[in-house]
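**Student:** Handing you a structure now.
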Amino acid sequence: MYTLEVKNLTKIFGEHKANDNVSLQIEKGEFFVLLGPSGCGKSTLLRSVAGLEIPDSGEIFISGESVMDKEPGERDVAMMFQQATLYPNMNVFDNVAFPLKIKGVDKQKIEKQVTDALELVQIPEKRNSNIKNLSGGEAQRAMIARVLVQDPEVFLLDEPFSSLDHQLRVYMRKEIMRIHQKTGVTIMFVTHNQEEAMKVGDQLAIMNNGRIEQVGTPAETLQQPNNKFVAQFIGHPQMNFIPAEVSEQDGQLVLKVDSQTYGPIAQEDLIKQPESTDLTIGVRPEEVSVEKEKKSGEDKLNSKVEFTESTGANNYIHFDLGGASVQASVPEIKDWDQGDEVSVSFNKERLKLFDPDGERIK
Amino acid sequence: MAIKSRDRLLKYLVAPAIIFSFVAGVLPMLYALRNSFYNINVRLPMQTERLIGITNYKIILGNERFQASLRNSIVFSLEGTIGAVLLGLAIALFLYYFLRNKPLLLTGLSTMLLIPALTGRISVAYIWRLLYDPVLGLINHVLGLLGFGTVEFLSNSNIAMQSVVFTDVWQWSGFAALFLYAGLVSIPREYFEEAQVIGASFFQRLRYIIIPNLKGLLLAVFLLKFMISLRNFDLISVMTGGGPGTATETVDMYLYWLAVGGRGLLSRASAGAIIMLVITIVSFMIIINLYQRQKVGE
């Protein structure tokens, strides 16, 4: 039995399909991240689970029980919003106690639970503060405490840290991971920040245009992307995409980039012969190796350096292959200059091939 | 130099308004204050004006009819204000929960809600006098069709005041509703969604979210409406003339009768007006003070 299961959920706003036949399963205690660009439907999905949106079709189960007929308050979920939703007319204690008060929990229990929650989020000294006097981080902690006291089956976090500055966001991210480890609660977390998603998530669901493109661990989505969208969305710096044409040469498959030949490539890379011969090679900058000067021979492509770039820790050179700008990681930036001849080869085992529809050929 | 001359220009531009309100508002008030210490009677124009100290105040404060009119004023203003604010809040909540996403209906209804407030008080008074009429009135006609007997809305001294208050509430609750609706819309939507996920009922939302967030606006609407209610001469004079007997006689009505309608005791009426002014100012100061103190304490 899954703690949370979504089956064939579709939600339409006017003409726009915010969620298009989405299904997913979340195990107990999992930190599940919904990741995708703005407008991909991830927040709509989360809100549907909370009961704040009513889906057009599909079903949602919490602890094996359908919640489609249940009001948001009856679903055993707690939600944390992007904006601070602490009530300005109550102090920190009353805000955190609010859900318990609504449920009619008796005063002593409220006192204990709220005190414990404030301890856990490490702001016990703020219990009587006016929420207007809280810093951004303290307000977030109070909101987490308010979610915690509800002791729900699933935490729903809708971009909870996106309004914080970078440093605080990194800090709160660690906090939520600490709290997750300590309490073992099931979390569904929405973000558009892939770095955040990779760091916190046990499982990622990458969404685009209302559909889930791939579900997997951070490592799986990074190393085995289902398609071009996932490949380009996950990982930093971005994967290079090079247009290529596949053809047969002496009984083996080779790739043609511009008029140069790369290959042969292993047959298993192309078990399913694509209908079109136009493919896209996907390769990460750290999987591209470069040598100075023109070299010919197997698995070598030649180009000229267009510009170099350094972030201090990492150095990159950029060159053109098949009309696409390609980025390669290099150890020393000073070895390279604009206009240098460069001979390029790829880490063949990591090479990804995408068909014209963007699906990866496995 | 440029700034100085602009400041001077501003003063000139504001001056007419200040002069007007001084001449039309402050001067008559000061004149009334002066008169209240004299013995002026408009029925006896030949009588010499004499300073008689606080005699007028002593007499009028001891007068039972004045005391009754003061009670009537307070009852009328408080009931009318509380009624309009509560009904206004109910209408605002209805608009918020059911019509928020229907802009056309919302605009139409808002306009309709404003019409009573935009209609002159005298017109409203005549309309309702007709509606309440025992013989010609629509209300009694409908009651008759439903099998009830005729109700003397304005000439039964037990219900005359409530009938007038009802008219006042009818006129102003739509106005209050629009103010409060604007306040409701400005409450962040996430506050409501949070409460929804927590499972708060409608009344819990009302108590813990809506009322606290609308507190300032509720008070502003309350004070505004209270001020409007205190000036009730037109409505009451057309609808009941203070009657039956003195059942709906407010301070305004009584002082008018005292100075103009009856015995011509202008000075005594002035004293009554000054007393009313002091009561009004003091009660407003107390309310505003309480509100501000609470705000600081938050």
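**Student:** Could you pull out every one of the helices (runs of 4 or more DSSP H) wholly within segment B:182-272 that has 1 or more residues that are more than 14 Å from chain A (Cβ to nearest Cβ)?
**Tutor:** B:211-230, B:233-239, B:251-256
**Student:** Scanning for something open to solvent by less than 20 Å² (accessible area, probe 1.4 Å) and in contact with a helix residue (DSSP H, G or I) (Cβ under 9 Å, 6 or more places away or on another chain), does segment A:305-315 turn up at least one residue?
**Tutor:** No, because not a single residue in segment A:305-315 is open to solvent by less than 20 Å² (accessible area, probe 1.4 Å) and in contact with a helix residue (DSSP H, G or I) (Cβ under 9 Å, 6 or more places away or on another chain).
**Student:** Residue pairs, Cβ under 9 Å, 6 or more apart or interchain, first in segment A:50-79 and farther than 18 Å from residue A:24 by Cα and away from chain B (no Cβ under 13 Å), second in a strand (DSSP E or B) and open to solvent by less than 60 Å² (accessible area, probe 1.4 Å). List them.
**Tutor:** none
**Student:** Kindly state which helices (runs of 4 or more DSSP H) lie completely within segment A:97-189 and contain at least 3 residues that are loosely packed, with under 15 Cβ neighbours inside 10 Å.
**Tutor:** In segment A:97-189, the matching helices (runs of 4 or more DSSP H) lie at A:107-120, A:166-183.
**Student:** Let me ask something else. With the requirement that a residue be in a strand (DSSP E or B) and of a type in the set (A, V, I, L, M), what does segment A:1-44 give you?
**Tutor:** A:4, A:6, A:9, A:12, A:18, A:22, A:24, A:26, A:33, A:34, A:35
**Student:** Return the residues of segment B:182-224 that are surrounded by 14 or more Cβ atoms within 10 Å (Cβ to Cβ), within 18 Å of residue A:104 (Cβ to Cβ) and of a type in the set (Phe, Trp, Tyr); say none if nothing qualifies.
**Tutor:** Of everything in segment B:182-224, just one residue is surrounded by 14 or more Cβ atoms within 10 Å (Cβ to Cβ), within 18 Å of residue A:104 (Cβ to Cβ) and of a type in the set (Phe, Trp, Tyr), namely B:208.
**Student:** Among B:45, B:16, which is the only one that is loosely packed, with under 10 Cβ neighbours inside 10 Å and part of a loop (DSSP other than H, G, I, E, B)?
**Tutor:** Going through B:45, B:16 in turn, just one is loosely packed, with under 10 Cβ neighbours inside 10 Å and part of a loop (DSSP other than H, G, I, E, B): B:45.
**Student:** Now, a different point. State which residue is farthest from the other protein chains (Cβ to nearest Cβ) when the search covers only segment A:82-96 and only residues that are of a type in the set (A, V, I, L, M) and either within 32 Å of the chain's Cα centre (by Cα) or in a helix (DSSP H, G or I) (or both).
**Tutor:** By that ranking, first place goes to A:92.
The values are calculated or read from the model by the stated rules, or taken from the named source; none is laboratory data. Just so you know, these numbers come straight off a predicted model, no measurement behind them. Neighbour counts run over all protein chains shown; Cβ positions are idealised from the backbone, glycine included. In case anyone asks, the SASA skips ligands and DNA or RNA and just uses the protein heavy atoms, side chains included. Shrake-Rupley method; radii C 1.70, N 1.55, O 1.52, S 1.80 Å.
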